[in-house]
Structure formats: structure tokens, C-alpha cells
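Visitor: To start, I am sharing the structure in question, which I have written as C-alpha cells.
The values are calculated or read from the model by the stated rules, or taken from the named source; none is laboratory data. Here the structure is a predicted model, which means the values were calculated and not measured. Here the Cβ positions follow ideal geometry from the backbone for every residue, glycine too, while neighbour counts run over all protein chains shown.
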Amino acid sequence: MSRLESMRRRLTAQIDGINWTAQHIAPLQGDVLELGLGNGRTYDHLRQELPDRRIWVVDRQLKCHPSCVPPEEMFLQGDAKDVLPDLHARGEKIVLAHYDFGHGVKELDVAEGAELSPFIKPLMVPGGIVMSQQPLVGFEQIRGPDTIAPERYWFYVA
């Protein structure tokens, strides 16, 4: 599979995963957490599909498309290990976390996912869902939508 085909598969997985997850979390109370803003495409889709939810965004720097800049008070700039404990200390509760960090090097990405998992877990409401491009630890893995290959995206319930 070419890198271009892999990218198409990733984008389709993100769309299908967000749409599926939005239905599953509908009865739950809580905010959304976007871990890794990048260009802002996924954040934009989250805004569209979950318009009544607050969306917290964590990234080391703000470099997204101008149409995808989150409100200043919802953008937590810095290393996730530093900003997620602050979010937890404020009592914020997350019903959907989308983990989209990555360096593009599998070993580094998997290690970072494992390292950040303990910072995500205390934020999650019971029954909330974490969807991730990387395997995470300390969560119960569930099967996401049938349209997504099992190791293209991981889905976890808190």
C-alpha cells in the first residue's frame, strides 16, 4: 500500500470513527479532547459532528489552517504530560478523546501513546470512548466500526 493510499485509509477511519463514536457517546455528559491539532481537519470534523460539546485541544504549537483555530480558552499549548494534569485538576470530564499525536516513526509513536495513556485515563467519564491512531495502555479495547481495519485505529472504553 502506498503512503497516499495509507493516508486515504487513515482519513476515512477518522471520519467513520468520529461519526460512530459520536452516536455512542450521545447519552453521556462531558467534553471532547483532541490530542494533536495538526492542520485542524479532525478538529473541524469534531466541531461539525458534536456542535453542542466543548472541545479541548492539546498541541505543542498552533499551526493549523486559519478556519480551524480553536477558541483561545480551549487551546492548551504545550506538552500533553504538562497540560493534561491541569485539565484534570480543574475537574474537566471527557466523554470522547481523540489521540492524534505522532512522529511518523512507529516505535516512537507507540512509546509516546503508552507514556501518555495514564494522563488521559483520569479525565475520562465512565463509558467514554478514546479513539487513537496508536495503541494505548490501561483501557478496555472495544471494536469500532466495521469499516475500519482493527489496527488502523484503536477504540477504548473508559
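Visitor: From Q23, Q61, Q14, grab the single residue that is part of a helix (DSSP H, G or I) and without any contact (Cβ under 8 Å) to a residue 40 or more places away in the chain.
Guide: When all the criteria are applied, what remains is Q23.
Visitor: Another question about this same structure. Out of curiosity, is E92 more than 16 Å from the chain's Cα centre (by Cα), surrounded by fewer than 19 Cβ atoms within 10 Å (Cβ to Cβ) and more than 20 Å from R10 (Cβ to Cβ)?
Guide: For E92, the condition - more than 16 Å from the chain's Cα centre (by Cα), surrounded by fewer than 19 Cβ atoms within 10 Å (Cβ to Cβ) and more than 20 Å from R10 (Cβ to Cβ) - is not met.
Visitor: Please go through the range 35-68 and give me each residue that is surrounded by fewer than 16 Cβ atoms within 10 Å (Cβ to Cβ) and aliphatic (A, V, I, L, M), ordered by number.
Guide: Hit for the range 35-68 is L62, nothing else.
Visitor: Examine the range 35-45 for a residue that is among the hydrophobic types (A, V, I, L, M, F, W, C), in contact with a strand residue (DSSP E or B) (Cβ under 9 Å, 6 or more places away or on another chain) and part of a helix (DSSP H, G or I), and state whether such a residue exists.
Guide: no
Visitor: Can you name the condition, by its number, that G78 falls short on among (1) among the small types (G, A, S); (2) free of Cβ contacts under 8 Å to residues at least 60 places away in the same chain; (3) under 17 Å from L136 (Cβ atoms)?
Guide: Here G78 meets the rest and fails (3).
Visitor: When the range 127-158 is examined, which residues are found to be loosely packed, with under 14 Cβ neighbours inside 10 Å and under 15 Å from D31 (Cβ atoms)?
Guide: Selection gives G127 alone.
Visitor: Next question, about the same structure. Mind listing just one residue for me: the one in the range 5-34 that is charged (D, E, K, R) and at pLDDT 95 or above and, of those, surrounded by the fewest Cβ atoms within 10 Å (Cβ to Cβ)?
Guide: Among those residues, the one meeting the criterion is D16.
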